[in-house]
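The values are calculated or read from the model by the stated rules, or taken from the named source; none is laboratory data. This structure is a prediction, so every number in the text was calculated from the model and none was measured. When we count neighbours, we look across all protein chains shown, and the Cβ atoms used for this are built from the backbone with ideal geometry, even at glycine.
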Amino acid sequence: MPAHSGVNVTSTRQERAIENRVAIVTGASRGIGRAIAERIAKDGRLVVGVARSADNLAETGAAIQAAGGRFEARGCDVGDATALAAMVEDVAEKHGRLDILVNNAGITKDGLLMRMSDADFDDVIRVNLKSAFVACRAASRPMMKGRFGRIVNVGSVSGLMGNAGQANYAAAKAGLVGMTKSIARELGSKGITSNVVAPGFIETDMTAVLPPQVKEAALPNIPLKRFGTPNDIAAAIGWLTGEDGGYVTGQVIVVDGGMAM
């Protein structure tokens, strides 16, 4: 191409690379996961949304496609390590790459320590922590091959400060922090970042069913005097998975209105 053409070839190639990027978002059927999927799609990436049933992703997919984005639905139980690893590998093989992984899927099985069963503890660790490990491990190979990757694990302020009745959940989210930092150290030289976004009290379907007295007790502890929205979390993840967040790794970004400060 002639030098006087006025076209920046390097810039054009970078733009094409960004457009071709593929992202996996688990737990994308509602709430925070859906907001994350919509934000990443808005930024020009192909989003592969994951939920237990692909049918549950219909609304997410419709919203993204109506806005001009690209979306692919995948049904997968993230608690099934074999199925999860196979799904991640299949996405990378189908599209020839995998650039972004957001581990958002999670469950709660709250209960006081003395009454919490081994099964409830193990289930939360398996879905909230081990699934992230399995997905990160499967994603690491195609990311290293492409020498680019953005891993974001969705944690919680409960994993930073603890919460009565959530020994299992807090343990899983605290485990994400250590695992994420270890991944950041291992994969940083390959152009892969690894971070945690830790939400505080966010208005979702899960929090909507909480008793009014629980919400009333939480609000005074939030300096910004409001609960967060899924879009608040999605904005942070959009930044971390975008071009501007490329020099941030091994960090915990707390999005909680100051609650855990």
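When Val91, Val102, Val78 are checked against the criterion of being farther than 30 Å from Ala167 by Cα and buried (at least 17 other Cβ atoms within 10 Å of the Cβ), a single residue qualifies: Val91.
Would you confirm whether any residue within region 51-63 is without any contact (Cβ under 8 Å) to a residue 60 or more places away in the chain, surrounded by fewer than 17 Cβ atoms within 10 Å (Cβ to Cβ) and touching a Phe, Trp or Tyr at 6+ places or on another chain (Cβ under 9 Å)? Yes, region 51-63 contains at least one residue that is without any contact (Cβ under 8 Å) to a residue 60 or more places away in the chain, surrounded by fewer than 17 Cβ atoms within 10 Å (Cβ to Cβ) and touching a Phe, Trp or Tyr at 6+ places or on another chain (Cβ under 9 Å). Taking residues in region 67-89 that are part of a loop (DSSP other than H, G, I, E, B) and among the hydrophobic types (A, V, I, L, M, F, W, C), and partners anywhere that are surrounded by fewer than 19 Cβ atoms within 10 Å (Cβ to Cβ) and modelled with pLDDT of 95 or more, the pairs with Cβ atoms closer than 6 Å and at least 6 places apart or on different chains are Cys76/Ala83.
Taking the conditions exactly as written (in a helix (DSSP H, G or I), crowded, with 17+ Cβ neighbours inside 10 Å and of a type in the set (D, E, K, R)), does Arg126 satisfy them or not?
Working: in a helix (DSSP H, G or I): yes; crowded, with 17+ Cβ neighbours inside 10 Å: yes; of a type in the set (D, E, K, R): yes.
Answer is yes for this residue.
Filter region 68-100 down to residues that are within 16 Å of Glu19 (Cα to Cα) and of a type outside the set (Gly, Ala, Ser), then give me how many there are. Looking only at that region, the number is 8.
Of all the residues in region 211-251, those that are farther than 21 Å from Ala23 by Cβ, of a type in the set (A, V, I, L, M, F, W, C) and surrounded by 16 or more Cβ atoms within 10 Å (Cβ to Cβ) number 2. Out of everything in region 198-240 that is out of contact with any helix residue (DSSP H, G or I) (no Cβ under 6 Å at 6 or more places or on another chain) and of a type in the set (Ser, Thr, Tyr), what residue ends up being nearest to Thr108 (Cα to Cα)? Ranking the candidates gives Thr207 first.
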